[in-house]
Structures are given as C-alpha cells and as structure tokens.
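Contents: one structure, followed by commentary.
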Amino acid sequence: MHWDSLLASSRYGHNSATDRNRTEFHKDYDRIVFSTAFRRLGRKTQVHPFSINDHVHSRLTHSIEVSSVGRSLAIAVFNLIRHEFPQELTEYHLGTILQSACLAHDIGNPPFGHAGEAAIRDWFKNNRNSTALQSLSDEQLSDFTNFDGNAQGFRILSKLEYHFMDGGMRLTYATLGSMVKYPQLAKFGFPTSIFNSEEELYRQSCRELGIKEVSPGKWVRHPLSYLMEAADDICYAILDVEDAIELGIIGFSDVRELFALLTAHEIDIDEEYKANQENFRDFLSSIRGKAIQNLIETVSKVFVEHYKIIMQGKLALPLLELSSAPPVQGIHYAKKLARKRIYPDQRKTELEVGSYATLNTILDAFINGIYEYFTVKNNGYRAERIVRIIGQQKIDSAENLAEAYHQVLDFVSGMTDNYATYLARQIGGLSQGL
C-alpha cells in the first residue's frame, strides 16, 4: 500500500468545492461534528446505562476523547517517519484524518451500547423462522444476525446522513478507510465493519485507496485503522475505570497498581493521591495526562517498528498486543479489572436485561409492521403508523424487504437510550408517565 492513494482527499459520492480556509480533511471533521447521528451519541450508553451521575461517560464524550488521542497518535507517527509520507502532507493533515475517523468510530452504535447490539442480533436469530424473515436469504439475514455498530457506522457515513442514498456525508476516502476496523462482510461473521448491503460501496472505496481485497468480501486494513483502534482501546480501558470509581464500584486499592503501570512508575501514586487530599477526581486529573502521553509514545513506536508488515497488510494483531512496556501492561490490567469487577456490576446488568426487553418490543412491532406494509395490499393501522414514524419516502425507496429491514435498523439503532425506552412503553400500551 502507498500513502499517495491511502490518504486520498477525493470524496465518496461527490467532489467538494474548494475552500481556502479548510482542507478536505477538516471538512470531514466538521461534517461529523454537526451531524444528528453524532449529536445523538450524547444520550447513548458507553458502559453504564441511565447513570444519574453527570461525570460518567456517554458515547459522545468517549468519542471526543478518542479523537483527541487519535490525533496525537497520528502526529507522533508522522514525526517519527516523516520521510514516508507525501511531501505536501503535514502532521496536521494526518492528525485531522485520524481525528475524524476516531470521532465517527462509534457513530453507528445502537442504544444501550454492546447490550443493544447483542439484543438486535439475538432478536433476528430467535425469529429466523418467523413469517417476516422467511423470504430473506442467508446472506441478507447475516447483516442482521451479525449486526455490528461498526458496520452501521459505515452505512451512516456512506449512505444515510445528509444525502440519503446519495453518498451520505460524502467524506474523503481517507477518513472512511481509516475508521474501518473489521474489513470483512457480515456474511463471514461478527465482528464486521461492512454489511453485505454496502459491499460495492466499500469495494469502490478500496479501489480508490489502493487497499487489496485478499478474497471476495475480505480486505486488508487501512494502516491508520490500527491507530484508531489503539486510541479507542486506550480511552475505554482508562475511562471505564474512571467511571467505575466515580460510581463507587471500585476504590483506590483496586487501581493503585494500575496507575503505577500507566505512569511507568514515574509518579509516586500514594503521594499523588494524598497530595490531592484523597479526592479521586483531582487525583485522576493529575495523572491521566501522563498515562495517555506514555501510551501515545509507546504505541507510535510500535507502529513504526511494525511499519513494513502494516503496509503489506499482514499485521494480524492490535498494536497494544505488541508491546510489554509498563503503560501497555496497565491497559491489560484495566481490561482485566473491567471484566471482573465493572462489567458484571449488578445495576448495569439489570439495566442491560431491561434493554433486551425494550429492543425486543420495538423490533417485534417494527419488523412485523414493515413486513405487513410490503406484503399486504390493505395495510393495517399499525403498519401505516410505523412507516410514518420511520419515513414514508425512505421505506418506499427500499428495493426489497431486506433493505426495508435495514431501514428499520437505521431508525432503531439511531435511537437514544431515552427514546428507545419511551417508544417501547408506548408500543406496549403504557402511558408516558408510568
């Protein structure tokens, strides 16, 4: 692969007008920031649903933080191997590409986080033999049984937001390629970043970027996607721990060794905690920057060390799996702590179980309503109202039932946690006040 094509500033769908004040990559960032899909992330779960603590992360704050780390990673890599990039490219161009990709990396996540993804997959698996799904081919159904917020994100960016079915956000190929973490079609299983319905769209992007299709429906990764993945891992590992501390799930004794590793033992954690009067927020603020800077330096060096194999499209592991430096050990420590103590938290688990019921109620009504709309001449009251909620023009533009179901999931996955809960209550016949 070559950077001249990998960093293509041409746009998916349409060309862009010249703007002397903004590069094409800055326009990508602006389009994502001002989109309604991005705005709705403010009311979507990161880890803890419906938290009443305003300091706990949402998908929106998480995405902004990932974009900040991603930008720094790209600039660090550029400064280490400046000679590898086109002469007209600066570190700030590269930083903005990755910043935009990171900003959009969770834009397709449904309500209730990963529990919402699982609920959608399970609904379609459990209803495979229902009348509404019987006519779908196995390949068409795999988009739903392997539903992934990553693939929904690519669909939003390339099809739905701003210019419906006409290029979507019309981002540069460089930004689109950089945010694709799992470059294989959904028919090959979960996780995936590409639904079968967007196969040709992604194939066109890869032709422009010079990304090889290793076998039909499977591609190598864009090199910048490794940095996007690392930025995401750094943020969620550290910040999931911060949220758990904020909510009282874990305490100082649980994280003392973790932060010693993240700061490479360069800070006396006990003294720093005392200096901040054992106030966790102040303590975390004082050492978070050092921890993230250590990780940026480590990951950028790992990228350069494996640069040749990355550019050949042969690196199989995430960058954070290729270093044993103390800050990286800290990330592994944080993930282990999250699996044991944070994710099994009782309140979180109870709300996730509730999210299953919420999304099951919505999908029961919407999928069956759309099936009725497509197959019955005289539609019932429910089918007509469901089509009206989603959008008559959008549903009528669907060429087949599978695409119509995609549009149901476009609507459902775009819901905030609050709206999904409200709508399920309305569908279930309960008043808003109950």
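The table below lists the values:
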{"quantity": "Qualifying residue in the range 365-381 (condition: at pLDDT 90 or above, outside any loop (DSSP other than H, G, I, E, B) and within 17 Å of residue 137 (Cα to Cα))", "calculated": "yes"}
{"quantity": "Check on residue 88, surrounded by 15 or more Cβ atoms within 10 Å (Cβ to Cβ) and assigned by TED's automatic domain parsing to the domain that holds residue 248", "calculated": "no"}
{"quantity": "The range 136-167, subset modelled with pLDDT under 95 and over 14 Å from residue 406 (Cβ atoms), residue surrounded by the most Cβ atoms within 10 Å (Cβ to Cβ)", "calculated": "161"}
{"quantity": "Qualifying position, being buried (at least 16 other Cβ atoms within 10 Å of the Cβ) and in the same structural domain as residue 35 (by TED's automatic domain parsing), among 101, 119", "calculated": "101"}
{"quantity": "Unmet requirement for residue 76, which otherwise passes all of (1) in contact with a strand residue (DSSP E or B) (Cβ under 9 Å, 6 or more places away or on another chain); (2) assigned by TED's automatic domain parsing to the domain that holds residue 173", "calculated": "(1)"}
{"quantity": "Residue pairs meeting the criteria (Cβ under 8 Å; at least 6 apart or on separate chains; first under 17 Å from residue 110 (Cβ atoms) and in the same structural domain as residue 419 (by TED's automatic domain parsing), in the range 362-376; second modelled with pLDDT of 95 or more and of a type in the set (Val, Ile, Thr))", "calculated": "362/412; 363/120; 363/408; 363/412; 366/408; 366/412; 367/408"}
{"quantity": "Residue list for the range 171-190, restricted to those being of a type outside the set (A, V, I, L, M, F, W, C), surrounded by fewer than 21 Cβ atoms within 10 Å (Cβ to Cβ) and either assigned to a helix (DSSP H, G or I) or at positive phi (or both)", "calculated": "187, 189"}
{"quantity": "Out of 288, 207, 256, 281, sole residue that is surrounded by fewer than 22 Cβ atoms within 10 Å (Cβ to Cβ), at pLDDT 95 or above and in a helix (DSSP H, G or I)", "calculated": "207"}
{"quantity": "Residue in the range 210-219 that is crowded, with 20+ Cβ neighbours inside 10 Å and in contact (Cβ under 8 Å) with a residue 24 or more places away in the chain present", "calculated": "yes"}
{"quantity": "Sole residue being among the acidic types (Asp, Glu), modelled with pLDDT of 90 or more and crowded, with 16+ Cβ neighbours inside 10 Å, chosen from 321, 305, 297", "calculated": "297"}
{"quantity": "Residue 420 exposed (fewer than 14 other Cβ atoms within 10 Å of the Cβ), in contact with a helix residue (DSSP H, G or I) (Cβ under 9 Å, 6 or more places away or on another chain), within 30 Å of residue 187 (Cβ to Cβ) and touching a residue at least 40 places away in the same chain (Cβ under 8 Å)", "calculated": "no"}
{"quantity": "Candidates 140, 134 - the one that is closer than 30 Å to residue 357 by Cα, polar (S, T, N, Q) and in a loop (DSSP other than H, G, I, E, B)", "calculated": "134"}
{"quantity": "Members of the range 123-142 found to be under 17 Å from residue 370 (Cα atoms) and within 23 Å of the chain's Cα centre (by Cα), listed by number", "calculated": "123, 124, 140, 141"}
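Yes or no, residue by residue, for (1) without any contact (Cβ under 8 Å) to a residue 60 or more places away in the chain; (2) farther than 30 Å from residue 400 by Cα; (3) basic (Lys, Arg):
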residue	(1), (2), (3)
181	no, no, yes
206	yes, no, no
222	no, yes, no
234	no, yes, no
254	no, yes, no
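The values are calculated or read from the model by the stated rules, or taken from the named source; none is laboratory data. All of these numbers come straight from a predicted model, not from anything done at the bench. Because the Cβ atoms are built from the backbone with ideal geometry, glycine has one as well, and the counts that use them run over all protein chains shown.
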